[in-house]
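J.: Dropping the structure in here first, questions after.
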Amino acid sequence: MCGADSRRSNHHWKPPMTALSALIRRDIRIALRVGGGALIGVLFFLTVVVLMPFAVGPDLALLSRLGPAILWLGALLASLLTLDRLFMADHEDGSLDLITMSRTPLELACAAKALAHWLAAGLPLIVATPVLGLLLNLDMVATGAVALTLLAGTPALTFTGMIGAALAVTLHRGGLLMAVLVLPLSIPVLIFGVAASQAVIVGPMTFGAPFSILCALSLVSLVIGPFAAAASLRHGLD
Amino acid sequence: MQLSGHDLICVRGGRQVFAGLDFAAVSGEAVAVVGRNGSGKTSLLRLIAGLLVPAGGKIALEGGDAELTLPEQCHYLGHRDALKPALSVAENLTFWADFLGGERLDFTESLATVGLEHATHLPAGFLSAGQRRRLSLARLLTVRRPVWLLDEPTNALDVAGQDMFAGLMCEHLSRGGMIIAATHAPLGIDSRELRIGGVA
């Protein structure tokens, strides 16, 4: 009985951490393997940005003025590309049933899955940004500013997108529905992300104000996203 | 430990699957849920697992761990086996062991028990249907849970596999576990029959 008691006090704080890190490691591993989503996102980002100079034409001044907006749009679409599978894959193979039943709170499991998605699919986009900045005639400072705003803003995209991914499971509809639901939610992030980058390049606004709001948006979605997604998944139990 | 359901009503997709269902199971007992297709065998298991919400009635577990909910003390083995084709056999199993937590067994030992020790590093995508089922059974062994909810557990298992599985169920029952299995084929162990929705 003593053994049982020590185990009991144990499984309230330590195992949830083990469980969450196991979930994060699994999702990242799957994303990085063949057929996973991490590489697809970066390739899509690359394609969108490379196509832009051809569409806009060889006007370097115009290109550098549009640069931050193009990079942000590319990153937004690329992060949505793989996000709709966030819960769908687990739902289809029955993993979601076991995750729902487990001792780990569903909210934390959702947060862990979103974090893993951001690490595997969001972070590579930010790493690729300096290279793509060259193609858009952005100087070092401007590229740095865009990369910094992406670093602060893409968590918001992932964590609000997670709500759409959970609804896609609940409503048994994938892909397109998710884009329709999530894109309006990402408008504020887009506005302040591009505004902060533009502030560095052309002024006259300060970088601090829009950047702070961008950080605030990320923090709010970090809190709301997991709860909304878990509520949606629970409601859709079937 | 006693698991009981009283006056359960299950509604899915606006259609009543069953109503007024009572059942009870005690430690060391296996209950075989039988009935024709669509009578609600899987629904009953999912109600117990907390994956469906009953439209009426209640399910209670007496004498279990007071700090854990009923689903947290259950293993659910459904039609879908919760395996990731991109991960190896060992990675799949260690993930579930880490994630589900609690008292656990060494995973190599349970893989040897289900006869998959030669395939440890093989991606799960290359396994046959029977091997996938064996890997799911290894999850039940690696992580200890007192209540096993099994949905057609012997599907895709060969004769030797069914014998092996019957042995595992006996061992689980002898340790004071409980099994509720939805099945068409005989389980291969002594079990009490719970019939849903008339004679098949």
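J.: Which helices (runs of 4 or more DSSP H) does region B:91-200 wholly contain that include 1 or more residues that are among the aliphatic types (A, V, I, L, M) and touching a residue at least 60 places away in the same chain (Cβ under 8 Å)?
T.: Fully inside region B:91-200 and qualifying: B:129-142, B:159-174.
J.: Find the residue count for region A:199-238, including only residues that are part of a loop (DSSP other than H, G, I, E, B) and in contact with a helix residue (DSSP H, G or I) (Cβ under 9 Å, 6 or more places away or on another chain).
T.: Number of matching residues: 7.
J.: Follow-up. Starting from region A:97-120, keep only residues that are within 11 Å of another protein chain (Cβ to nearest Cβ), then list their pairs with residues that are charged (D, E, K, R) whose Cβ atoms are within a distance under 6 Å, requiring at least 6 positions of separation or different chains.
T.: Listed pairs, sorted by first residue: A:Arg103/B:Glu72.
J.: Just to be sure before I move on: is B:Arg80 within 24 Å of B:Ile180 (Cα to Cα), facing chain A (nearest Cβ under 10 Å), basic (Lys, Arg) and surrounded by fewer than 18 Cβ atoms within 10 Å (Cβ to Cβ) in the structure I sent?
T.: Considered against the rule, which asks whether it is within 24 Å of B:Ile180 (Cα to Cα), facing chain A (nearest Cβ under 10 Å), basic (Lys, Arg) and surrounded by fewer than 18 Cβ atoms within 10 Å (Cβ to Cβ), B:Arg80 comes out as yes.
J.: Suppose we filter region B:123-178 for residues that are among the aliphatic types (A, V, I, L, M), under 11 Å from B:His75 (Cα atoms) and in contact with a strand residue (DSSP E or B) (Cβ under 7 Å, 6 or more places away or on another chain); how many remain?
T.: 6
J.: Among what's in region B:53-77 and is touching a Gly at 6+ places or on another chain (Cβ under 6 Å) and more than 8 Å from chain A (Cβ to nearest Cβ), pick the residue that is surrounded by the fewest Cβ atoms within 10 Å (Cβ to Cβ).
T.: B:Ile59
J.: In the set A:Gly164, A:Gly208, A:Gly203, A:Gly236, which member is more than 14 Å from chain B (Cβ to nearest Cβ) and surrounded by 16 or more Cβ atoms within 10 Å (Cβ to Cβ)?
T.: Testing whether each residue is more than 14 Å from chain B (Cβ to nearest Cβ) and surrounded by 16 or more Cβ atoms within 10 Å (Cβ to Cβ) leaves just A:Gly164.
J.: Would you point out which residue out of B:Arg192, B:Arg133 is at pLDDT 90 or above and among the charged types (D, E, K, R)?
T.: Being at pLDDT 90 or above and among the charged types (D, E, K, R) holds for just one of B:Arg192, B:Arg133, which is B:Arg133.
J.: Could you say which residue among B:Ala30, B:Ala19, B:Ala24, B:Ala49 is within 19 Å of the chain's Cα centre (by Cα) and surrounded by fewer than 15 Cβ atoms within 10 Å (Cβ to Cβ)?
T.: None of the others qualify; the one that does is B:Ala24.
J.: If B:Val17 passes every condition in (1) modelled with pLDDT of 90 or more; (2) within 14 Å of another protein chain (Cβ to nearest Cβ) but one, which one does it miss?
T.: (1)
J.: Continuing with the same structure: Keeping to region B:2-37, report how many residues are touching a residue at least 60 places away in the same chain (Cβ under 8 Å) and at positive phi.
T.: Qualifying residue count, region B:2-37: 2.
J.: Filter region B:89-110 down to the residues that are at the interface with chain A (Cβ under 10 Å from one of its Cβ atoms) and more than 26 Å from B:Glu67 (Cα to Cα) and list them by number.
T.: B:Glu91, B:Asn92
J.: A further question follows. Within region A:25-34, can you find the residues that are more than 7 Å from chain B (Cβ to nearest Cβ) and surrounded by 18 or more Cβ atoms within 10 Å (Cβ to Cβ)?
T.: A:Asp27, A:Ile28, A:Ala31 - these are the residues of region A:25-34 that are more than 7 Å from chain B (Cβ to nearest Cβ) and surrounded by 18 or more Cβ atoms within 10 Å (Cβ to Cβ).
J.: Same structure again: Can you tell me how many residues in region A:105-118 are surrounded by fewer than 23 Cβ atoms within 10 Å (Cβ to Cβ) and either among the acidic types (Asp, Glu) or more than 26 Å from A:Phe192 (Cα to Cα) (or both)?
T.: So the count comes out to 4.
J.: Out of curiosity, is B:Gly50 in a loop (DSSP other than H, G, I, E, B) and at the interface with chain A (Cβ under 9 Å from one of its Cβ atoms)?
T.: yes
J.: Another question about this same structure. Determine which single condition B:Arg134 fails, assuming it passes every other condition in (1) within 14 Å of chain A (Cβ to nearest Cβ); (2) under 24 Å from A:Thr100 (Cα atoms).
T.: Among (1) within 14 Å of chain A (Cβ to nearest Cβ); (2) under 24 Å from A:Thr100 (Cα atoms), B:Arg134 violates only (1).
J.: Do we have A:Ala168 as at pLDDT 90 or above and within 30 Å of B:Cys10 (Cβ to Cβ) here?
T.: no
The values are calculated or read from the model by the stated rules, or taken from the named source; none is laboratory data. Values in this document were obtained by computation on a predicted structure and should not be read as measured data. Cβ sites come from the backbone with ideal geometry, for glycine too, and all protein chains shown count toward neighbours.
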